[in-house]
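Accompanying notes for the structure given below.
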Amino acid sequence: MFGSRLRRNNSAMKLLVIEDESKLAEYLRKGLSEEGYVVDVAHNGIDGLHLASTGDYELLVLDGMLPGIDGLAVLTALRQSKQTPVLMLTARVQVEDRVKGLQSGADDYLLKPFAFSELVARIQVLLRRAHPARTEAEPIQLRLGELELDLIRRKATRAGQRLDLTVKEFNLLSLMLRRQGEVISRTELAEQVWDMHFDSETNVVEVAVRRLRSKLDQPFERPLLHTVRGMGYVLEVRET
């Protein structure tokens, strides 16, 4: 349903969606996650302001009408301490409302209802404006031997054969390809790909690596994904 456009060098960019309509909030969380972003969601102005003020986000998607405190109040308070890019969503069609939002510090406005593709395009523009060096330097494709990843079309192939990867598997492989030859710990993989602090009781990384390996290596003669006992995982071509 959704495509991929923009990536950070080592991990997905982190966004905060502040939206009280639960269905829309979940739609945005799912869609933006499939675009490769790490997404947090707040359903009211108070929680949203707390997360925006204390968290490290690249961009905020902020609804103008929220319970607790409204979007303009969140924006005004946030601008006292941070200049995080803000894309505001609104159902209000009056020009005066949008002008007020822009004067309060919004970087862009999007009227509801909107097309998801337009939302993504506007997010890309704001991120490029905020981080020109990072986004312009981002490669379109990653390669290791016969393995290729197309970051624009979210397509992975090995020896010309398409690999059917989930969103997390693609993000995991993308991270490891960017850092090919480098051992990456389970802790860092959990933080970068799942945006979670490592818990020794959680085997989410091992399960994902096992599933990725079954698609990436098992159909082929030479493995690329290797386990370094007690340290983590590394993606590299090894001599036989």
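A compact table of results
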{"read-out": "Cβ-Cβ under 7 Å pairs, at least 6 apart or on other chains, region 148-170 side over 14 Å from ARG213 (Cα atoms), far side open to solvent by less than 80 Å² (accessible area, probe 1.4 Å) and of a type in the set (Val, Ile, Thr)", "value": "GLU148/THR157"}
{"read-out": "Index of the failed condition, LEU142 passing every other in (1) assigned to a loop (DSSP other than H, G, I, E, B); (2) under 23 Å from GLN124 (Cα atoms); (3) in contact with a strand residue (DSSP E or B) (Cβ under 7 Å, 6 or more places away or on another chain)", "value": "(1)"}
{"read-out": "Within region 51-83, tally of residues that are within 13 Å of VAL17 (Cβ to Cβ) and among the polar types (S, T, N, Q)", "value": "0"}
{"read-out": "Evaluation of MET88 against (1) assigned to a loop (DSSP other than H, G, I, E, B); (2) within 19 Å of the chain's Cα centre (by Cα); (3) among the aliphatic types (A, V, I, L, M) (one fails), failing number", "value": "(1)"}
{"read-out": "Residues of region 97-123 classified as within 21 Å of GLY31 (Cβ to Cβ), open to solvent by 30 Å² or more (accessible area, probe 1.4 Å) and in a helix (DSSP H, G or I), total", "value": "4"}
{"read-out": "Total residues in region 1-43, condition assigned to a loop (DSSP other than H, G, I, E, B) and modelled with pLDDT of 90 or more", "value": "4"}
{"read-out": "Subset of region 44-70 (residues that are in contact (Cβ under 8 Å) with a residue 40 or more places away in the chain and part of a loop (DSSP other than H, G, I, E, B))", "value": "GLY55, ASP56, TYR57, GLU58, MET65, LEU66, PRO67"}
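The values are calculated or read from the model by the stated rules, or taken from the named source; none is laboratory data. Small disclaimer: the values here were computed from a predicted structure and weren't measured. Note that we place each Cβ from the backbone using ideal geometry, even for glycine, and neighbour counts take in every protein chain shown. Surface accessibility is based on the protein's heavy atoms, side chains included, excluding ligands, DNA and RNA. Shrake-Rupley method; radii C 1.70, N 1.55, O 1.52, S 1.80 Å.
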